[in-house]
Amino acid sequence: MEQPALFTIFGGTGDLAKRKLYPSLFRLFRKGNLNEHFAVIGTARRPWSDDYYRDIVKETIQSFDPTDAEADAFASHFYYLSHNVNDTNHYDELRELSVKLDEQYQLQENRIYYLAMAPQFFGTIVQHLSSQKILTEQGFNRLVIEKPFGFDYDSANQLNQEIRKVFPEQNIFRIDHYLGKEMIQNIAVIRFANNIFESLWNNRYIDNVQITFSEALGVEERGGYYEESGALKDMVQNHILQVVSLLAMEVPTSFSDQAIRLEKVKVLEAIRRYSPEEVKNNFVRGQYDTGKLDGHDFLPYRQEENVAEDSSTETFVAGKFLIDNFRWSGVPFYVRTGKRMTEKGTRINIVFKQVPVNVFHFDNEESAQPELQQNVLTIYIQPTEGFSLILNGKEIGQGFETDPVKLDFRHSCEVTGNSPEAYEKLLLDALNGDGTNFSHWDEVANSWEIVDRIRQTWDQETPDFPNYTAGTMGPQAAFDLLSENEHYWIWQP
Ligand code: BG6
């Protein structure tokens, strides 16, 4: 069933719109979720014509091999408006075009405003949407916002207040594109649809949890943004803390956005707020130096475009979160993320406790039996999708030597290739008014509180950067962090 709506994309000429939004809208069009009754207004400063804009949109969908007729039919729904977000008159033009398209495509006054541009403009745009009466009375008015949502708790709070003057919380869809990923959504299913896991999902049986988001890419052409953000704000404040909350939350009473949100927020509230001393003991930062990866020599971060020669920005973070509640007390949640690491890989390792006594350990044997392997459940988020479980089995032959066995399931390339892209799912959710896979303000606020403490402590000292070679899994300190607790990173590519 098609849900009629007008999409207004602020930042319509930008990289995100071209790489993610237009291809995702096309996939929805192909599947019939968008059909006759939709229109897209792209706005940005550049003076493009509708025809030029449509050509660009068509270029962005070439990888789907559309026929000319199909590409034309899709692109004919796109309109371009040159727009200066600070100029009130431009909003009047936007209102007129919106009303016209509403009638032309019978959109029932349903509007989605997508802010795919620099966050300093969010407040102005939202205020003008209201003051220039662009918001409609009959249909829905939903705001989709890209990260970063603020740069610390105070700025996020201020931004939130500005937005909330115009949009109620249930109409604000804060994007965290990880929440649209297939295997992130699978976390809830693995946990709540499998009794073997959920009954063991606590500090009696789980030893530690490890979350790795590694990237082989460097900072690319985003030096300007990244210098201000660093890995902590770029990845930990949003994606990683969202994953921690999904892994650690209690079973929601129903699978509704409100019930899930309630449980996620409780986890974020229970994450220990570290003192400066605790930050130093539990979090490490890194910055990549020159190095080799797949035969290429890479520049150190400090020589990347738009990066200061003496930059103190971290391109790597590893840390340990502690969740002070009944279920998780004492279980470290280790996280690490960085640029220019060994390979692109997002995975979660749930490491179970050892059996209390290893009855297969025979003291009188000549060849000492190795320690039993800990059971590990791994959830592969990307690039491959699936899960594996390490169990101990008996080695074939005389005696009772044990041998770890890996049960491994991966979606086939065909399935992965055809599974909806994160942005496609999230756009459809926003169209359907389903906020489950978006970040609620309470989640954002708690995440900033946690991250601000780390940032503030770090800002007191100049780090000794660079401290890891490009193409490695980060500085030595990230390994020491675990070995201090007699743990080690399960994933060591
Ligand atoms: C973004 C970050 O949110 O996520 C980028 O700003 C990062 O720095 C990206 O590269 C990673 O996303 P994905 O989907 O490629 O794993």
**Study point:** From the options Val57, Val40, residue that is touching a helix residue (DSSP H, G or I) at 6+ places or on another chain (Cβ under 6 Å) and buried (at least 24 other Cβ atoms within 10 Å of the Cβ)
**Key:** Val57
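Let's see how each residue does on (1) open to solvent by 40 Å² or more (accessible area, probe 1.4 Å); (2) within 17 Å of the chain's Cα centre (by Cα):
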{"residue": "Arg142", "(1), (2)": "no, no"}
{"residue": "Gln158", "(1), (2)": "yes, no"}
{"residue": "Glu162", "(1), (2)": "yes, no"}
{"residue": "Gln170", "(1), (2)": "yes, no"}
{"residue": "Gln185", "(1), (2)": "yes, yes"}
{"residue": "Ser199", "(1), (2)": "yes, no"}
{"residue": "Asn202", "(1), (2)": "no, no"}
{"residue": "Glu215", "(1), (2)": "no, yes"}
{"residue": "Glu228", "(1), (2)": "yes, no"}
Check your understanding: Somewhere in segment 93-102, is a residue open to solvent by less than 10 Å² (accessible area, probe 1.4 Å), of a type outside the set (Gly, Ala, Ser) and in a helix (DSSP H, G or I)?
Key -> yes
Exercise for review: Look at Asn432 and say whether it is surrounded by fewer than 20 Cβ atoms within 10 Å (Cβ to Cβ), farther than 25 Å from Arg302 by Cα, out of contact with any strand residue (DSSP E or B) (no Cβ under 9 Å at 6 or more places or on another chain) and modelled with pLDDT of 95 or more.
Suggested key: yes
Point to revise | Members of segment 283-310 that are open to solvent by 20 Å² or more (accessible area, probe 1.4 Å) and part of a helix (DSSP H, G or I) | key: Arg302, Gln303
Study note, to complete from the structure: Of Ile134, Ile190, the only residue that is outside any loop (DSSP other than H, G, I, E, B) and either closer than 29 Å to Asp324 by Cβ or β-branched (Val, Ile, Thr) (or both) is Ile190
Revision key, fill the gap. Scanning segment 285-299 residue by residue, those closer than 25 Å to Gly319 by Cβ and at pLDDT below 85 turn out to be Leu293
Study note, to complete from the structure: In the set Gln242, Gln210, Gln258, the lone residue that is among the polar types (S, T, N, Q), within 25 Å of Trp448 (Cβ to Cβ) and in contact with a strand residue (DSSP E or B) (Cβ under 6 Å, 6 or more places away or on another chain) is Gln210
Exercise for review: Determine whether segment 240-262 contains at least one residue that is outside any helix (DSSP H, G or I), of a type outside the set (D, E, K, R) and within 23 Å of Pro148 (Cα to Cα).
Suggested key: no
Revision key, fill the gap. Of those in segment 374-401 that are among the small types (Gly, Ala, Ser) and surrounded by 13 or more Cβ atoms within 10 Å (Cβ to Cβ), the residue nearest to the ligand (Cβ to nearest atom) is Gly386
Revision key, fill the gap. Considering segment 251-262, residues that are surrounded by fewer than 17 Cβ atoms within 10 Å (Cβ to Cβ) and in contact with a helix residue (DSSP H, G or I) (Cβ under 8 Å, 6 or more places away or on another chain), and then whichever is nearest to Ala430 (Cα to Cα), we arrive at Phe255
**Study point:** Any pair with Cβ under 6 angstrom, 6 or more apart, that starts in segment 332-343 at a residue that is within 11 Å of the ligand (Cβ to nearest atom) and ends at one that is aliphatic (A, V, I, L, M) and open to solvent by 10 Å² or more (accessible area, probe 1.4 Å)
**Key:** Thr337/Met235
Review point. Do we have any residue at all in segment 14-26 that's assigned to a loop (DSSP other than H, G, I, E, B), at pLDDT 95 or above, open to solvent by 10 Å² or more (accessible area, probe 1.4 Å) and not basic (Lys, Arg)?
Key: no
**Study point:** Sole exception among (1) open to solvent by 10 Å² or more (accessible area, probe 1.4 Å); (2) under 24 Å from Ser419 (Cβ atoms) for Trp48, by number
**Key:** (2)
Review point. So which residues in segment 402-429 are aromatic (Phe, Trp, Tyr) and open to solvent by less than 40 Å² (accessible area, probe 1.4 Å), if there are any at all?
Key: Tyr423
Review point. Out of all the residues in segment 195-206, is one or more assigned to a strand (DSSP E or B) and away from the ligand (no atom under 16 Å from the Cβ)?
Key: yes
Review point. Is it true that some residue in segment 218-240 is within 16 Å of the ligand (Cβ to nearest atom) and within 17 Å of Ile350 (Cβ to Cβ)?
Key: yes
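The values are calculated or read from the model by the stated rules, or taken from the named source; none is laboratory data. The structure presented is a predicted model; accordingly, all values stated were derived computationally and were not measured. Heads up, the Cβs are rebuilt from the backbone with ideal geometry, glycines too, and the neighbour counts pull from every protein chain shown. These area figures cover heavy atoms from the full protein model, side chains too; ligands, DNA and RNA do not enter into them. Shrake-Rupley method; radii C 1.70, N 1.55, O 1.52, S 1.80 Å.
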